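Undergrad: Input: one structure, supplied below.
The values are calculated or read from the model by the stated rules, or taken from the named source; none is laboratory data. Note that the structure is predicted; figures quoted are calculated from it, not measured. All Cβ positions, glycine included, derive from the backbone under ideal geometry; neighbour counts span all protein chains shown.
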Amino acid sequence: MRKLALVGLGASGLFALRELAGANVEVHVFDVGPEYSKRYACPIDQGKLEVCPPKACSYCAPGQSAGSWNDFKVILSASPTIGGRLYDLVGAAELQKRLDKVKATILAHAPVEIPVVTPNADDLEWIKRKSALAGMTYHYQELLHCGSDNAPAINTSILKEITDKGPNIVFHWDTKVLSVRRLDGKFQLTFDRYRRPENEQQDTFDYCVLAPGRGGAHWLTQQEFYKDLDIHPGQVDIGVRVETSSFFTEEVDKRFYEPKLYYRTKRTNDVVRNFCSNPKGFVTPENHRDYVLVNGHSKMYEKSENNNFAVLVSKTFTRPFKDPQLYSQTLAKVVNMLAGGGPLIQRLGDLKSGRRTKSLKNNLIKPTLEAECGDLALAYPHRILEGIIEYLEALDKICPGVADNCTLLYGPECKSYPDSITVSKNMETNIPNLFVVGDSSSWTRGVGQATTSGILVGEGILEKLKGGKSSPAPAIAPELPAPKSIPVTIINP
Ligand SMILES: Cc1cc2nc3c(=O)[nH]c(=O)nc-3n(C[C@H](O)[C@H](O)[C@H](O)COP(=O)(O)OP(=O)(O)OC[C@H]3O[C@@H](n4cnc5c(N)ncnc54)[C@H](O)[C@@H]3O)c2cc1C
């Protein structure tokens, strides 16, 4: 029987594995995390710790698979703009077909009924008018919000379905794949235990599916084959996590849960967008060991009085600079440095007045994450802060109150995307039988499209096993579109 290595069992890996369960191929799954039933919720969130441990626990760093375990919001619409770029790769109909499958799978495994947020005609009319008057563009999306509290049950149940169906699968939990190299048309993996190493082993595989997520993107660039892939530099999003009263946003929250609103800055024409709204949610640290970002999540049952969401300014770089990840990490470290090692918080009013926040004692909005008060302007480029302030002022026309002085801004919230790797419609690279899937390929940016890319890769391998015509990406010039900047209709008032 032929052998396949699947590196990473996060959102994309899990859905690839679901396709391969019971197939005529021996699948070896490697993940640095413990087996799903032993994964735990964020200790800060559980009230067991007040701050992140100096070394990140496995909650946000490798091993806990990020968004499919934390918040678990899934964009279910095939959009050319949001959630990733699979629309460019496979087209609207093919993408929607897989997203529908993702939705059905998650709902079938959910321990409780999870509402699907689908805006109705009245809501759409309302937001289109409001956003045009505010100088923003609304992008339609249907959404599923599972909540951090339901995520373990859903993932564990999907995995159980897979193991019940798949005697062909061998799991290597708590195992880090150290390297992947080509060997006579096959792939040789060197791997070791993650937490207590020194048990290094090697094995060789006919197919290799790499799904290490954004956290594994740097690791990917260190592999022997990387220089032979067809790649384009990725994008970076720099911004802040905004925390405000949920009363200010309740009108859009109840209609859309998270409306995707894009804006172009007047002076620099930069794209600014909102991301990851958490009505009645909590701001949370995202610990990457040598720097700490902020993020947010919400739960189905426990609620706060606040809403938090990211406001991000998108940037791509041109020659000679080609390391956007290094740029965003350096910026994050400067913010951490000013805040004594963690996130920094500032009132919007103080940022606008050019002074640091010293205390939040009398602030109307009470923060859900303890962070050091300070001045974001000492770390962020002026252009980025200008974009964020303009965005909030435009949003204030839709959600009166969000641009109030009492609104809180946390930094650093940075999202850097790996290099975009040219792949076929089944996520196969220009190296035959080598697949890169999920966020590490840069084609996806969230759980919805990451899981979809997993389905695509699974389908491609099943086709190959049948001797079908699934073929790798072109070896030299890419026929598929290179990453492009986010298209936005500009409607300035
Ligand atoms: C805190 C947080 C919250 C988020 N919330 C949302 C959300 O609500 N909705 C949304 O759409 N998106 C969210 N995202 C983004 C979302 O998590 C990703 O888009 C999605 O998980 C990408 O899936 P993936 O399979 O590519 O990678 P991941 O889900 O990150 O999985 C990668 C897996 O690979 C493993 N791995 C990495 N390197 C190795 C190695 N060398 N050897 C073995 N195993 C390895 C990791 O342990 C991990 O299990 C969030 C991200 C973060 C960080």
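Undergrad: Those residues that are surrounded by fewer than 16 Cβ atoms within 10 Å (Cβ to Cβ) and either aromatic (Phe, Trp, Tyr) or part of a helix (DSSP H, G or I) (or both), I need them from the range 306-330; list them, please.
TA: Scanning the range 306-330 gives PHE317, PHE321, LEU326, THR330.
Undergrad: Same structure again: For the condition of a type outside the set (Gly, Ala, Ser) and either at pLDDT below 90 or touching a Lys or Arg at 6+ places or on another chain (Cβ under 8 Å) (or both), what is the one hit in ILE114, ILE82?
TA: Of the residues listed, the single one that is of a type outside the set (Gly, Ala, Ser) and either at pLDDT below 90 or touching a Lys or Arg at 6+ places or on another chain (Cβ under 8 Å) (or both) is ILE82.
Undergrad: Kindly establish whether ILE398 is touching a Ser or Thr at 6+ places or on another chain (Cβ under 7 Å), more than 16 Å from the ligand (Cβ to nearest atom), at pLDDT 95 or above and among the aliphatic types (A, V, I, L, M).
TA: Here the answer is yes, as ILE398 does meet what is asked.
Undergrad: Continuing with this model, one more query. Could you please give the count of residues in the range 263-285 that are surrounded by fewer than 23 Cβ atoms within 10 Å (Cβ to Cβ) and either at positive phi or within 16 Å of the ligand (Cβ to nearest atom) (or both)?
TA: 7
Undergrad: So which residues in the range 98-119 are part of a helix (DSSP H, G or I) and in contact with a Leu (Cβ under 8 Å, 6 or more places away or on another chain)?
TA: Selection gives ARG98, LEU99, ASP100, VAL102, LYS103, ILE106, LEU107.
Undergrad: Further question on the same structure: Within the range 405-415, identify whether any single residue is among the aliphatic types (A, V, I, L, M), surrounded by 18 or more Cβ atoms within 10 Å (Cβ to Cβ) and more than 20 Å from the chain's Cα centre (by Cα), and answer yes or no.
TA: The answer is yes, given that some residue of the range 405-415 is among the aliphatic types (A, V, I, L, M), surrounded by 18 or more Cβ atoms within 10 Å (Cβ to Cβ) and more than 20 Å from the chain's Cα centre (by Cα).
Undergrad: I'm trying to understand the selection: among the residues of the range 401-443, which are assigned to a strand (DSSP E or B), modelled with pLDDT under 95 and out of contact with any His (no Cβ under 7 Å at 6 or more places or on another chain)?
TA: Of everything in the range 401-443, those that are assigned to a strand (DSSP E or B), modelled with pLDDT under 95 and out of contact with any His (no Cβ under 7 Å at 6 or more places or on another chain) turn out to be CYS414, LYS415, SER416, ILE421.
Undergrad: Could you please find all residues in the range 19-58 being more than 21 Å from the chain's Cα centre (by Cα) and at pLDDT 95 or above?
TA: Result: GLU19, LEU20, ALA21, GLY22, ALA23, ASN24, VAL25, GLU26, VAL27, HIS28, VAL29.
Undergrad: Right, next: Considering each of ASP192, ASP122 in turn, give the residue that is touching a Leu at 6+ places or on another chain (Cβ under 7 Å), outside any loop (DSSP other than H, G, I, E, B) and surrounded by fewer than 20 Cβ atoms within 10 Å (Cβ to Cβ).
TA: Of ASP192, ASP122, the one residue that is touching a Leu at 6+ places or on another chain (Cβ under 7 Å), outside any loop (DSSP other than H, G, I, E, B) and surrounded by fewer than 20 Cβ atoms within 10 Å (Cβ to Cβ) is ASP192.
Undergrad: Moving to a separate point now. Is at least one residue of the range 151-167 surrounded by 18 or more Cβ atoms within 10 Å (Cβ to Cβ), in contact with a Phe, Trp or Tyr (Cβ under 7 Å, 6 or more places away or on another chain) and assigned to a loop (DSSP other than H, G, I, E, B)?
TA: no
Undergrad: Here is a further query. Within the range 115-141, track down each residue that is more than 28 Å from GLY387 (Cβ to Cβ) and touching a residue at least 40 places away in the same chain (Cβ under 8 Å).
TA: VAL116
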